[in-house]
1. Only Cα pairs under 8 Å and at least 6 apart count here; give the relative contact order of the chain as a rounded whole percent.
2. Quick one: net charge of Y168's neighbours, Cβ under 14 Å, K/R +1, D/E -1?
3. Over 26 Å between C-alpha atoms is what I'm after, so list which of K81/K109; K109/K227; K81/K216; K204/K227; K204/K224; K163/K216 land there.
4. Taking the beta-carbon count within 10 Å as an exposure proxy, list H150, H214 from fewest neighbours to most.
5. Which ordering of V73, V6 is given by a fewest-first count of other beta-carbon atoms within 10 Å?
6. Connecting C-alpha atoms closer than 10 Å in a GNM of the chain, tell me which of L115, L41, L63 has the biggest fluctuation.
7. When the chain is fully extended, how far beyond the present Cα-Cα distance does Y103 get from V42, taking 0.36 nm per residue of separation?
8. How would you rank F165, F26, F38, going from fewest to most other Cβ atoms within 10 Å of each one's own Cβ?
Amino acid sequence: MTKVLVIEDDSILGEMLTLYLTEEQFDVERVESAREGFQALVKFSPEVIILDLMLPDADGPILCTRFREKTPVPIIVTSMKNAVADRIQAITLGADDYLTKPYSVQELKVRIQALLRRVNAAQPVPAGAAAARDRILLNGERRTIMLEGHNIETTFSEYEMMKLFMQYPGRVFSREELLNSVRGIDSYVNERAIDVHITNLRRKLERNPKEPQHIKTVWGIGYKFIK
């Protein structure tokens, strides 16, 4: 049974989510504040987080960063804001998906399942790591990237994107293919979000992000990974 942490201070919406997801065979823990959310990360060990961006003790996209620093599990942000810029900011700061209120609980379920498919359907990395020469490794057990022997923390989407790149080195992926592979075709698609992930990965992995040697742009198409 998948464990879902719902961080939502609206009592009516929170209760509705809890009841619906429980009926759909999820193990649900609901809290109403960021403080309680951080406590639940330790006590409940969720596999997915539903995070409202307006909580009584904290609000705004920086919440994504604070939770992402604590856990690698998928985070679905919910918010009243529906501008593209707000979606991009939340994803850049650590969210893996974004739902605008009011939203369908059925759609939320589909998005949870899409994110879990990205985690469960991927082939395991042999012996906890898959090599890209000697410089870059994937640590499958800790879900981190190792750069020259040092662990580099990444978001859920960044890790999944690098795993895809390293499984198919040299293959050119369009932005839409990358986003579908990382977050599922059911999720909100925005090409700008992929560009942001690529920029972040280059900053973390390339010796000179402005002249990348590994994550290459294929103009007019998308990106490819070179070992």
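1. Working: 363 pairs, mean separation 31.4, N = 227.
Contact order relative to length: 14 percent.
2. Details: positive: K163, R171, K216, K224, K227; negative: E160, E177.
For residues surrounding Y168, the net value is +3.
3. On the way: K81/K109 20 Å; K109/K227 37 Å; K81/K216 33 Å; K204/K227 16 Å; K204/K224 17 Å; K163/K216 15 Å.
With Cα atoms farther than 26 Å apart: K109/K227; K81/K216.
4. Working: H150 8, H214 21.
By the 10 Å Cβ count, ascending: H150, H214.
5. Values: V73 21, V6 27.
Taking fewest neighbouring Cβ atoms as first place, the list is V73, V6.
6. L41
7. Values: separation 61, 0.36 × 61 = 21.96 nm, distance 2.84 nm.
Length gained, Y103 through V42: 19.1 nm.
8. Details: F165 24, F26 19, F38 15.
Fewest-to-most ranking of F165, F26, F38: F38, F26, F165.
Read-outs throughout are calculated quantities, based only on the coordinates presented, and are distinct from any laboratory measurement. Note that the structure is predicted; figures quoted are calculated from it, not measured. Because the Cβ atoms are built from the backbone with ideal geometry, glycine has one as well, and the counts that use them run over all protein chains shown.
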